Structures are given as structure tokens and as C-alpha cells.
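Here is the structure we will look at, set down as C-alpha cells.
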Amino acid sequence: QKEVEQNSGPLSVPEGAIASLNCTYSDRVSQSFFWYRQYSGKSPELIMSIYSNGDKEDGRFTAQLNKASQYVSLLIRDSQPSDSATYLCAALDTGRRALTFGSGTRLQVQP
Amino acid sequence: DTEVTQTPKHLVMGMTNKKSLKCEQHMGHRAMYWYKQKAKKPPELMFVYSYEKLSINESVPSRFSPECPNSSLLNLHLHALQPEDSALYLCASSQGASQETQYFGPGTRLLVL
């Protein structure tokens, strides 16, 4: 069983809409979670980190963590075509000090 | 400043060549990482250095040899690679603290002929 799971998509939303990206994780991984954005051919870029239950907002991005249900989500408000990318959810295995990535969700924002 | 630099950006090598990838960070981070990413797949961890010591080797073949000369530099020495080793090689660093936000460099795109 994979430790971090994401729907591969593509998730298609119209410009200006809210994009909702979801990720589930297993018990083995740590309680630190990260969302990275990766454009085609580029390296992952950190969008958000979240460590505690609840919401964390940064500009148009909101990360949500629910430890009881073992899921992490990322909301992107007022989606722009420039947000079109693959979004990688990652969990930190504290013991190994290593990130475990989900397979990524491809987001397409339609103009 | 959250910059991690990697050189070269692109590398083409034959199966008998020896080459090295270089990674550098000046953020005072004490942990550095090598990841390998194939097309349409997530990054896969290869090696972790913590305080200049190798702490994790994810059963990587010996044709990949990491080196951490100092806390700012990380090298990956390549020898006798196979075509299936063609990928994007990513370096990352983190403070070494408990919550470990990792910052990635731009990567080296490697093609093995």
C-alpha cells in the first residue's frame, strides 16, 4: 500500500474557480505535510507546509489537515491559467528524515 | 534566500563515461538530499546526508556515488550508467530541524546513451 495517495487527474477547472486537491496518507508517515507545485520540465516548488490540524492560508492557497481522517487538501482560490501544473503532496517520515511523495495531481485551469 | 543551485542543467553521457553532478546551497542547511525523477512520476529519494554524513542510501546501485565535501556542497558521481538511468536528478536541502521543509534545486536533466 502506498503511503501517500493522490488522484492523478487531470483536474480541470475554469479560470476564477476554486480548485480542490486532495491527498490521503497512511499511519506510517509523519505528521508534517507539504504541497509542491511542479511545472512540466521544472523542479518542485514549495507552495505550503502544514503540521497541525485545521486550515493554513497563504494568499490564494489554503492547506487543510485532518489527522483523524488522514487527509490533506489544498484549495486554490481564483484559479489562474498559470496555476496549471502538477501538484505533489508529500509527507515527511521523521524517522528517516525523508519525504514520501504522492503521485501528483495534474491541474488544468481553462481560460 | 531559499536557493539551491545545481550544475550542469543538462548532461548527455555514454555508458562508459564518468561524470559528476554538483549541488550547492548557502542557507546554512545541514541536511541535503538527492532525488531521481522519471517522466510523469514523483521524485524518488536516493540519498540523504545529515551533518555531512550519509544517513540514508535507498539501495541505490553503486554506479551512483554521493559525496558531501562540506555542509554547502553535495556531489553525485556517475559511472557506467545505463539508459534507464536517464531522468531528472534533483538536489534538495533542509535545515536539519524536526519539521524539515525541503527546498529543491532546478535539477539536472540526464540522458544516458
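Percent antiparallel among DSSP beta bridges with both residues in chain B, to the nearest 5?
Of those bridges, close to 90 percent are antiparallel.
Per residue, what volume in Å³ does the Cα convex hull of the range B:1-63 take up?
So the per-residue hull volume is 126 Å³.
Relative contact order of the range A:56-101: what whole-number percent is it, with Cα pairs under 8 angstrom and at least 6 residues apart?
Relative contact order here is 22 percent.
Using Stokes-Einstein with the Kirkwood hydrodynamic radius over Cα pairs, what translational diffusion coefficient do you get for the protein assembly as shown at 10 °C and a viscosity of 1.306 mPa s, in µm²/s rounded to a whole number?
For the chosen part, D equals 88 µm²/s.
Give me the inter-chain shielding for A:89-102: mean count of other chain Cβ atoms within 10 Å, whole number please.
Taking the mean over all residues of the peptide, I get 5.
Compare A:54, A:95, A:16 in a GNM of chain A, Cα atoms joined below 10 Å, and give the one with the largest fluctuation.
It is A:95.
Please compute, for peptide B:29-41, the average count of beta-carbon atoms on other protein chains lying within 10 Å of each residue's beta-carbon. Before the final figure, lay out the partial values.
Details: counts 0, 0, 2, 0, 3, 0, 5, 0, 4, 0, 2, 6, 3.
Other-chain Cβ atoms within 10 Å of each residue's Cβ, averaged: 2.
Suppose we take every Cα in chain B and form the convex hull; what volume per residue is that in Å³?
Numbers: hull volume 10.9 nm³, N = 113.
Value for chain B: 96 Å³ per residue.
Pairs A:42/B:40; A:42/B:19; A:42/B:41; B:18/B:40: which are spaced more than 20 Å apart, C-alpha to C-alpha?
A:42/B:19; B:18/B:40
Pairing rule first: another cysteine's C-beta must sit under 4.7 Å. Under that rule, which cysteines of the protein assembly as shown stay single?
Within the protein assembly as shown, the cysteines lacking a partner Cβ under 4.7 Å are B:68.
Other chains' Cβ within 10 Å of B:105-111 residues: what's the mean? Could the numbers behind the result be given before it?
Working: counts 1, 2, 4, 1, 1, 0, 0.
Mean shielding count: 1.
Throughout, read-outs are computed from the coordinates displayed, never taken from laboratory work. Source: prediction; values computed, not measured. Every residue, glycine among them, receives a Cβ derived from its backbone with ideal geometry; neighbour counts consider all protein chains shown.
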